[in-house]
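Below is one structure, written out as structure tokens; the observations come after it.
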Amino acid sequence: MRGWKEFLEIKEIFDELKITFFMHSGSALGIYRDQKIIVDGSNSLGFGVYGLKYLKEVREKLIEKGYIINPTFEWESHGNTSPMTTMIEFHSGVNGFVYFFIKDPECYRSYLDPTHPYVSFPLEYSELEEYDLNGTRINLLKPIEKYLVWVFGKKWREKEGRKSYPPLQEYE
């Protein structure tokens, strides 16, 4: 299964650092709906972590394992580079993101600018539930079906035409 090797390598990083993580967006959809990692086309691996504590360590470990880190989400100001977001975009065989989510009064978000709605989700999805994929336990946001409706809309079960961001934010 394409993307499985990379998933296991990154899971190993989280396990080594004792970081609880969850699969986010299209990765959560693939695991729950299709029982596989979806990395075809524009889909990429999407890992989520609550908090910023391990951002630097995860970035360093990804580089150690040979992943290329894309600085797309950084901005240049007065000769200094600063992050726009608390996500790490990586490449090596497949593309992926590790989103470090900050809790604010209205949502969990990965952008440092709280007015930017991209890659965020409501506080109601703060609990995790384990799922099994190929004998590997993987955390998904709970309740997963309601989360998938929020991201992909009421037709999340359909395999064609699903786009995860911006979320459709629909409820059944």
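The condition of being outside any strand (DSSP E or B), modelled with pLDDT of 85 or more and not hydroxyl-bearing (Ser, Thr, Tyr) holds for only one of GLU130, GLU170, GLU158, that being GLU158.
Inside segment 147-162, can you point out the residues that are touching a residue at least 12 places away in the same chain (Cβ under 8 Å) and within 13 Å of ARG33 (Cα to Cα)? Hits for segment 147-162 are TYR147, LEU148, VAL149, PHE152, TRP156, ARG157, LYS159, ARG162. For ILE138, the stated conditions hold: it is at pLDDT 85 or above, among the aliphatic types (A, V, I, L, M) and assigned to a strand (DSSP E or B). One residue stands out among those in segment 17-51 that are β-branched (Val, Ile, Thr) and more than 19 Å from ILE102 (Cα to Cα): the one that is modelled with the highest pLDDT, which is ILE31.
The values are calculated or read from the model by the stated rules, or taken from the named source; none is laboratory data. Everything quoted here is computed from the prediction, not taken from an experiment. Neighbour counts run over all protein chains shown; Cβ positions are idealised from the backbone, glycine included.
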